[in-house]
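Read through the structure below, which is laid out as structure tokens, and then see the notes.
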Amino acid sequence: RVNMSGRRGALIVLEGVDRAGKTTQCRKLLDALQREGHRAELLRFPDRGTAIGQLINSYLEKKSNLEDHTVHLLFAANRWERVPLIKEKLQQGITLIVDRYAFSGVAFTSAKPEFTLTWCKQPDVGIPKPDLILFLQLSPSDAMKRGDFGNERYENRHFQEQVLRQFNELMQDENLNWKVMDASQCIDDLHQEIKSHTEKVMEQVGDNPIRDLWR
Ligand code: TMP
């Protein structure tokens, strides 16, 4: 479908620690935008549907073990395999709402001992740069109150605290459009905030070129 508006879609990423409500908010945002007549679609990483995604899925479900550098590169490869699709959709004027992106990739691996932020960022250098990154902020103790973590890899309090620390480092980057949201507020209030930030950015992107992340 041709894009008659001359305006590209916006790349909107939701990030946060586990149990912050990212998936719920992505769905609500998608519904709201579509209801208002915008063209919008959802993406999530990891995308467990591809061949690489299946390797990641089996690792997360603890059905297989992978060496730490190896799994990091697989997560990045799982994003790169969607880059052509992402660029195509944005050029067609479709706004993409993305549940996790390279920031989860870096935060989770660099929370492991012996990994630097610099090393972790490299494999994702050059993927499409988000126009907006909404960080759903939730303290580890509030996250715990939302019920037990599941049984997947990384779902434990100590590790999540390390992950949050790494996200905070990534948020210092002033070349990126981070917006920190209070994820302890009620679902609908949070949704309204997310929606208003998103709509503002959708108007601003115009026909600006899609930039490269971390380059
Ligand atoms: P999900 O629960 O949103 O499907 O995410 C699966 C887990 O994978 C979650 O604990 C975060 C982690 N993760 C990484 O370690 N690296 C990545 O690049 C991504 C996208 C997620």
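The values are calculated or read from the model by the stated rules, or taken from the named source; none is laboratory data. No experiment lies behind these values; they were computed from the predicted model shown. FYI the Cβ positions are ideal-geometry reconstructions off the backbone, even for glycines, and counts take in every protein chain you see. The area values use the complete protein model at the heavy-atom level, side chains included, leaving out ligands, DNA and RNA. Shrake-Rupley method; radii C 1.70, N 1.55, O 1.52, S 1.80 Å.
Worth a mention:
- Solvent-accessible area per residue, Å², over the chain with all protein chains present [probe radius 1.4 Å]: 49
- Summarising the label geometry, the points placed 7 Å from Cα in the beta-carbon direction at R211 and S58 lie 4.0 nm from one another.
- Length gained when the stretch Q204-T24 is fully extended (0.36 nm per residue, less Cα-Cα span): 62.3 nm
- The stretch 80-150, relative contact order [Cα under 8 Å, separation at least 6], %: 29
- Amide hydrogen neighbours beyond the local backbone of L43, cut-off 5 Å, H modeled: I97, V98, D99
- A simple spin-label model places the labels of N65 and C186 4.8 nm from each other, with each point 7 Å out along Cα-to-Cβ.
- Span-like helix ranges in the chain, DSSP H, alpha carbon extent 15 angstrom or more, Kyte mean at least -0.5: 68-80
- For the chain, the relative contact order comes to 34 percent (Cα pairs under 8 Å, sequence separation of at least 6).
- Distance between the C-alpha centres of the stretch 164-215 and the stretch 30-62: 18 Å, rounded to the whole angstrom.
- Compared with the direct C-alpha span, the chain from T116 to D148 gains 8.6 nm at full extension, assuming 0.36 nm per residue.
- Summarising the label geometry, the points placed 7 Å from Cα in the beta-carbon direction at R157 and A51 lie 4.3 nm from one another.
- FRET efficiency estimate (nearest 0.05) - Cβ-Cβ, A77 to S5, R0 35 angstrom: 0.60
- Charge context of A77, other residues only, Cβ under 12 angstrom, K/R +1, D/E -1: -1
- Here the accessible area of the stretch 65-215 is 46 percent carbon and sulfur, with a 1.4 angstrom probe and all protein chains present.
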